[in-house]
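Okay, so here's the structure we're looking at.
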Protein chains: 2
Amino acid sequence: MREFKKILDQRVKETQEIIDRYLPEETGYQRRIMEAMNYSMQAGGKRLRPLLMRETCRLFGFNGGERDVEPFMAAMEMIHTSSLIHDDLPCMDNDQYRRGKKSTWAEFGEDMGVLAGDALIVEAFSTAAGAFAGTKHPYRVGQAIRILAEKTGIYGMIGGQVVDVELTNRPISMDQLDFIYRLKTGALLEASMLIGAVLAGAEEEECAKISKVALNVGLAFQIQDDILDVTGNQEVLGKPVGSDARNFKTTYVTLEGLEKAREQVKRLSEEAVEILHSLNRKNGFLEELIQMLITREK
Amino acid sequence: MREFKKILDQRVKETQEIIDRYLPEETGYQRRIMEAMNYSMQAGGKRLRPLLMRETCRLFGFNGGERDVEPFMAAMEMIHTSSLIHDDLPCMDNDQYRRGKKSTWAEFGEDMGVLAGDALIVEAFSTAAGAFAGTKHPYRVGQAIRILAEKTGIYGMIGGQVVDVELTNRPISMDQLDFIYRLKTGALLEASMLIGAVLAGAEEEECAKISKVALNVGLAFQIQDDILDVTGNQEVLGKPVGSDARNFKTTYVTLEGLEKAREQVKRLSEEAVEILHSLNRKNGFLEELIQMLITREK
């Protein structure tokens, strides 16, 4: 476990360095937007998505994808960050702070908040498309861009956000909650692992398995979040527990009860590991990373 | 001229039909966002950018790009529409109406306005990347995606919007106004023509000329707009004249005077036609279209 933690720290650091290489230089008449983009991109965060992307690429032996994956790692983090910026806007969640820092709109103004989010979405595709310049695998890169777009848009993350926004303060069915969890957070995790696989030239069947692993991990992660809100230790979590109940928020736990939620996390994570093993490829670090995400206590 | 008008009507109709094929079906839990996207995409407009794209592709004999160009035409219109949706938001221009219809946020709510704009940006890249599926020219498609992203982002349209927003109600230099005009509207016109050329396999030198033509046309178009605000006929224009002066807006005319502005339009358009001719390729319709854009009286 200490070994894992050491590798984790090292790879998060590498991931951070890769992302930093693709951030815009703050220059020109439009420098304020670059400042807003970089402010948001450097606000901390676990870099989980690009990390999972690279480790999935490694699982398939990189196989010609080791350079192509780097712009996509940055692109994925830009997409994720853009969604946080727009989520915080006054007309959305109206959050003035994120991770102890002022949110982007609170720091740069609401108009810059809208534009910085837009700019990061576009910059993500610009960065990803930059992979064409040096690649030996243009079809793989093309497919990776399609995955990035599809899992970000109305059939992915944004689709999930829309339903989440629409159903705020309204009763939610299990089917709707599942839809929100799968799309709002699941889709980008799926895209991350899938892009890593595609860029390493994984077969279609292998990609289908990776998708399933990622969706299971995403869903288990969410349900674990709901469980911790009830059972968690406030000091360990670093945030108040019981907030879901106070806000009358529908969660897996409120719909199905604590016992069933725990069973579901167990089932999803066991299945994920099983599918991962069925690929007959080895990335022990990736497996431990996935275990850590699901069984975390904070 | 009547012949031109007939072809124009026909090709606008074709352009419209092509775009419509790429609009999302309104279905699923997230159908409201699809409704908002389609509402905005079908709010009228001249479809100028996709039209110019296809005609530039035609100028180079299509040459294997006739199918690839279609998703890019739709993608370009989605990008343009997304910028209108976000421009209208309360924290930006705060416009409740556009072309006589309620603006997207006024019709669907501010949160949906933000998300619909985001969704159209992403859908644009998803649609463009769809061209990989059937293409014989993956590198051309890759290059076209790079152009789309670059000319939309902080070095293109969004860069121009940022400076425009920042300098509202502040004195603007000629250099800054030029920057805003070139980027805010010029960049997408440039991308449109450039993508048409790239998808038809135009050489680098030819692409450089097409860029110059497009930037000249975009700039002349803007300056003509400033001129018409002073000299135009309100009934022909269909909107009040003199609004720039009333709003203390800095324009080419306020900075340089009417005479110089007219000379500039003449110089830019003559140069554009000259460069176009130097390509030794023939698309009479494209030439007339460009002339019409610049010398318009409304």
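The values are calculated or read from the model by the stated rules, or taken from the named source; none is laboratory data. Note that the structure is predicted; figures quoted are calculated from it, not measured. Heads up, the Cβs are rebuilt from the backbone with ideal geometry, glycines too, and the neighbour counts pull from every protein chain shown.
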Considering only residues that are touching a residue at least 24 places away in the same chain (Cβ under 8 Å) and away from every other protein chain (no Cβ under 14 Å), look in the range B:15-38 and name the one that is farthest from A:Val162 (Cα to Cα).
B:Thr15
Of all residues in the range B:86-103, which are farther than 17 Å from B:Gly153 by Cβ, within 8 Å of chain A (Cβ to nearest Cβ) and within 21 Å of the chain's Cα centre (by Cα)?
B:Leu89, B:Met92
Could you figure out which of (1) crowded, with 20+ Cβ neighbours inside 10 Å; (2) facing chain B (nearest Cβ under 10 Å); (3) charged (D, E, K, R) isn't true of A:Lys184?
(2)
From the list A:Arg58, A:Arg67, which one is touching a residue at least 12 places away in the same chain (Cβ under 8 Å) and in a loop (DSSP other than H, G, I, E, B)?
A:Arg67
Return the total of residues in the range B:283-298 being surrounded by 13 or more Cβ atoms within 10 Å (Cβ to Cβ) and over 20 Å from B:Asp229 (Cα atoms).
7
For the range A:32-55, enumerate the residues that are closer than 22 Å to A:Tyr97 by Cβ and in a helix (DSSP H, G or I).
A:Arg32, A:Ile33, A:Glu35, A:Ala36, A:Met37, A:Asn38, A:Tyr39, A:Ser40, A:Met41, A:Leu48
Does any residue of the range A:160-179 turn out to be among the aliphatic types (A, V, I, L, M), over 25 Å from A:Thr135 (Cβ atoms), without any contact (Cβ under 8 Å) to a residue 12 or more places away in the chain and buried (at least 24 other Cβ atoms within 10 Å of the Cβ)?
yes
Which condition does A:Thr185 not pass, out of (1) more than 18 Å from the chain's Cα centre (by Cα); (2) within 25 Å of A:Asn94 (Cα to Cα), if it passes all the others?
(1)
Just to be sure before I move on: is A:Gly201 closer than 29 Å to B:Ile147 by Cβ, more than 8 Å from chain B (Cβ to nearest Cβ), surrounded by 21 or more Cβ atoms within 10 Å (Cβ to Cβ) and out of contact with any Ser or Thr (no Cβ under 6 Å at 6 or more places or on another chain) in the structure I sent?
no
Out of everything in the range B:71-85 that is closer than 27 Å to B:Asn280 by Cβ and in contact (Cβ under 8 Å) with a residue 60 or more places away in the chain, what residue ends up being nearest to the chain's Cα centre (by Cα)?
B:Met76
Hits in the range A:134-179 - residues which are small (Gly, Ala, Ser), over 22 Å from A:Ala220 (Cα atoms) and more than 8 Å from chain B (Cβ to nearest Cβ):
A:Gly134, A:Ala144
Quick one: is A:Gly65 closer than 30 Å to A:Ser278 by Cα and small (Gly, Ala, Ser)?
yes
For the range B:155-182, which residues satisfy the criterion of being outside any helix (DSSP H, G or I) and either more than 16 Å from the chain's Cα centre (by Cα) or within 22 Å of B:Asp244 (Cβ to Cβ) (or both)?
B:Leu167, B:Thr168, B:Asn169, B:Arg170, B:Pro171, B:Ile172, B:Ser173
On the basis of being in contact (Cβ under 8 Å) with a residue 24 or more places away in the chain, surrounded by fewer than 22 Cβ atoms within 10 Å (Cβ to Cβ) and closer than 22 Å to B:Gly64 by Cα, does B:Glu190 make the cut?
no
Selection over the range B:6-21 where residues are farther than 15 Å from B:Thr127 by Cα and of a type in the set (Val, Ile, Thr) yields a count of 3
When you scan the range A:117-128, how many residues do you find that are free of Cβ contacts under 8 Å to residues at least 40 places away in the same chain and within 22 Å of B:Tyr139 (Cβ to Cβ)?
2
Quick check on the range B:199-206. Is at least one of its residues closer than 30 Å to A:Ile79 by Cα, among the aliphatic types (A, V, I, L, M) and in contact with a Cys (Cβ under 9 Å, 6 or more places away or on another chain)?
yes
Given the conditions (1) at pLDDT below 90; (2) assigned to a helix (DSSP H, G or I); (3) surrounded by 11 or more Cβ atoms within 10 Å (Cβ to Cβ); (4) of a type outside the set (A, V, I, L, M), which single one is not true for A:Lys249?
(2)
Looking for something hydrophobic (A, V, I, L, M, F, W, C) and either free of Cβ contacts under 8 Å to residues at least 40 places away in the same chain or closer than 28 Å to A:Glu166 by Cα (or both) - is there at least one such residue anywhere in the range B:41-53?
yes
Output the number of the condition that B:Leu120 fails; it satisfies all remaining conditions of (1) facing chain A (nearest Cβ under 7 Å); (2) out of contact with any Phe, Trp or Tyr (no Cβ under 8 Å at 6 or more places or on another chain).
(1)
Determine if the range A:104-113 includes at least one residue that is within 10 Å of chain B (Cβ to nearest Cβ), surrounded by 22 or more Cβ atoms within 10 Å (Cβ to Cβ) and of a type in the set (Val, Ile, Thr).
no
